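Okay, structure first, notes after.
The values are calculated or read from the model by the stated rules, or taken from the named source; none is laboratory data. Keep in mind it's a predicted model, so treat the numbers as computed, not measured. Cβ placement follows ideal geometry from the backbone for every residue including glycine, while neighbour counts extend to all protein chains displayed. These area figures cover heavy atoms from the full protein model, side chains too; ligands, DNA and RNA do not enter into them. Shrake-Rupley method; radii C 1.70, N 1.55, O 1.52, S 1.80 Å.
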Amino acid sequence: MKHIIILGAGQVGQSLAEALSADGIDITIVDARAERLAELEDQFDIKTVNGFASHPSVLEAAGAQDASMVIAVTDSDEVNMIACQVASTLFNVETKIARVRSRDYHETPELFAQDAMPVDMLISPEAIVTRHIHRLIEHPGSLQVLEFAEGLVSLVGVRAYYGGPLVGHELKNLQSDMPGIHTRVAAIFRKNRSIQPDGDTVIEADDEVFFVAAKKNIRAVTSELRKLEKPYKRIMIAGGGNIGERLAETLSKRYRVKVIERDPDRADHLARSLPSNVLVLHGDSADDRFLESIGIENNDVFCAVTNDDQANIFAGMLAKRWGVRKVMSLINRPSYVDLLQSGTIDVAISPQQATISALLARVREGGTATVHTLRRGAAEAIETVVNGDARTSQVVGRQIEEIDFPEGTSVGAVVRGEDVIIPHHDTVIEAGDHVILFLTDRRKVKQVQRLFQPSALFF
């Protein structure tokens, strides 16, 4: 059984341990807080080691000599990098992954060569969240926008609205409404319950609908499920920390951006470092009078990305009350995410789930190229590369209807070279295909992995 050491028992470490232990991987988690480790031992089937993450003796106690991978996600960039160095130099661990927040480090990649600081994969939560928010802004009306096959395929989640063009109609009408545009509804969630879609399925108001299409067709498909909203123009960002600064810099190229920052020194820094077309405002984004004074109601999007969950929630609620079209709040505590994305705000963004999605594809075997967690980790969308041939593979040369997929698994798209195929029941899978799968129950991941592994890999 594969053994992975996770350094850091914060929200990311916990969520990662939960996901990987559910995959049947042997997990040891290291943290200096004994009480935190005791909590995790009570919740999950994992081993724990109390100690400082980069100390050689602690890594040895965690079993680094037998580990195939070390994932360092403590709150310190430097501890994460040094732990990877120790794991490589003393224990010859094959794969080292480090969460590194500072842009200075990311902008000097030569630091992470194998003969320097041997880190095989750098994870930047701020960069991941920035890309996630940017995609949501580019697709008005969306709850989630995910990409596969190097951007050729998109999976988009939307909430169907009362009176919309598909509510009350069968899914098979989708194709006749959009001649020449190929798409597939991969899953529907109705009141937190999964509905397996087929041609006769009728979409209801408030359904959360996930559909797959070639990226170039996404805008046309979205218009069928929601009113084709006008593009956003004015964006207000609450919080000028690492994420807020990155987001303002990225969005300033296409949008009119304002940033609210409570700390006067930080606000002064942002005013000097951000592009000149970004307006930096010193104030409290959770103060209703302040929001009124700066014309909050004139903005299309409000993104609350401070490091305080409660401030993000309250600011988002105020912005929604003032009539902002789309409100997004960064929420670290998973329990808050479930409570909020039922109508209080439009999109609750979990940096933990975004980070875990980036890690899972690297951790898993069997040709997994991309993994995105959905529905707060309950469901997954996976891109897997088909290996083997008709003799060794359970899927090569077979029609989709002939493949014994686990219940709740659907094939959303097949990418063959540069071609995006929205499959039918008689579509034949070929070696080298990239298959985009949707699992409404992530506990079935192991079964799907086995299905796509050539038999030679079992022996």
Scan region 294-312 and tell me whether some residue there is under 25 Å from Pro140 (Cβ atoms), of a type in the set (Phe, Trp, Tyr) and either modelled with pLDDT of 95 or more or open to solvent by 70 Å² or more (accessible area, probe 1.4 Å) (or both). yes
Taking region 57-78 and keeping residues in contact (Cβ under 8 Å) with a residue 40 or more places away in the chain and surrounded by 14 or more Cβ atoms within 10 Å (Cβ to Cβ) leaves Leu59, Ala62, Gly63, Ala64, Ala67, Ser68, Met69, Val70, Ile71, Ala72, Val73, Thr74
Selection count, region 109-124, where residues are β-branched (Val, Ile, Thr) and closer than 21 Å to Gly241 by Cα: 1
Subset of region 284-312 [within 25 Å of the chain's Cα centre (by Cα), more than 16 Å from Arg262 (Cβ to Cβ) and not in a loop (DSSP other than H, G, I, E, B)]: Val301
Among the residues listed as Ile6, Ile29, the single one being closer than 26 Å to Arg443 by Cβ, open to solvent by less than 10 Å² (accessible area, probe 1.4 Å), in contact with a Lys or Arg (Cβ under 8 Å, 6 or more places away or on another chain) and of a type in the set (A, V, I, L, M, F, W, C): Ile29
Looking at region 127-147, is at least one residue without any contact (Cβ under 8 Å) to a residue 24 or more places away in the chain and hydroxyl-bearing (Ser, Thr, Tyr)? no
Selection count where residues are open to solvent by 20 Å² or more (accessible area, probe 1.4 Å) and in contact with an Asp or Glu (Cβ under 7 Å, 6 or more places away or on another chain), scope region 374-399: 2
Among the residues of region 424-431, is any free of Cβ contacts under 8 Å to residues at least 40 places away in the same chain, in a strand (DSSP E or B), open to solvent by less than 50 Å² (accessible area, probe 1.4 Å) and hydroxyl-bearing (Ser, Thr, Tyr)? no
Just wondering, is there one or more residues in region 163-181 that are open to solvent by 80 Å² or more (accessible area, probe 1.4 Å), in a strand (DSSP E or B), modelled with pLDDT of 80 or more and over 20 Å from Arg219 (Cβ atoms)? no
Say we look at region 119-150 and pick out the residues that are closer than 29 Å to Ala72 by Cβ, surrounded by fewer than 19 Cβ atoms within 10 Å (Cβ to Cβ) and of a type outside the set (A, V, I, L, M, F, W, C); which of these is farthest from the chain's Cα centre (by Cα)? Asp120
The correct count of residues that are among the basic types (Lys, Arg) and surrounded by 16 or more Cβ atoms within 10 Å (Cβ to Cβ) in region 252-293 is 4
Do the conditions hold for Arg333, that is, is it under 30 Å from Gly10 (Cβ atoms), in contact with an Asp or Glu (Cβ under 7 Å, 6 or more places away or on another chain), open to solvent by 10 Å² or more (accessible area, probe 1.4 Å) and at pLDDT 95 or above? no
Output the qualifying pairs, or none if there are none: Cβ atoms under 8 angstrom, residues six or more apart or on different chains, first residue in region 308-319 and touching a residue at least 24 places away in the same chain (Cβ under 8 Å), second residue in a helix (DSSP H, G or I) and open to solvent by 30 Å² or more (accessible area, probe 1.4 Å). Asp309/Tyr336; Ile313/Tyr336; Leu318/Asp288
I'm checking my understanding of the structure. Among residues of region 185-205 that are of a type in the set (D, E, K, R) and at pLDDT below 85, which one is farthest from Ala381 (Cα to Cα)? Lys191
Criterion (closer than 23 Å to Lys446 by Cα, of a type in the set (D, E, K, R) and under 28 Å from the mean Cα position of the chain (by Cα)) met by exactly one of Asp42, Asp23: Asp23
What is the number of the single condition among (1) at pLDDT 90 or above; (2) open to solvent by 20 Å² or more (accessible area, probe 1.4 Å); (3) touching a Pro at 6+ places or on another chain (Cβ under 7 Å) that Lys320 does not meet? (3)
Report every pair of residues separated by at least 6 positions or lying on different chains whose Cβ atoms are under 6 Å apart, first residue within region 288-306 and farther than 23 Å from Ile243 by Cβ, second in a helix (DSSP H, G or I) and not hydroxyl-bearing (Ser, Thr, Tyr). Asp288/Leu318
Between a first residue in region 388-416 that is free of Cβ contacts under 8 Å to residues at least 12 places away in the same chain and more than 14 Å from Leu451 (Cβ to Cβ) and a second residue that is part of a loop (DSSP other than H, G, I, E, B) and open to solvent by 70 Å² or more (accessible area, probe 1.4 Å), which pairs have beta carbons less than 9 Å apart while being 6 or more apart in sequence or on different chains? Ala390/Arg398
If we only count strands (runs of 3 or more DSSP E) wholly inside region 67-158, which ones have 3 or more residues that are among the acidic types (Asp, Glu) and on the phi > 0 side of the Ramachandran plot? none
Does Lys326 satisfy the criteria of being open to solvent by less than 30 Å² (accessible area, probe 1.4 Å), touching a residue at least 24 places away in the same chain (Cβ under 8 Å) and within 26 Å of the chain's Cα centre (by Cα)? yes
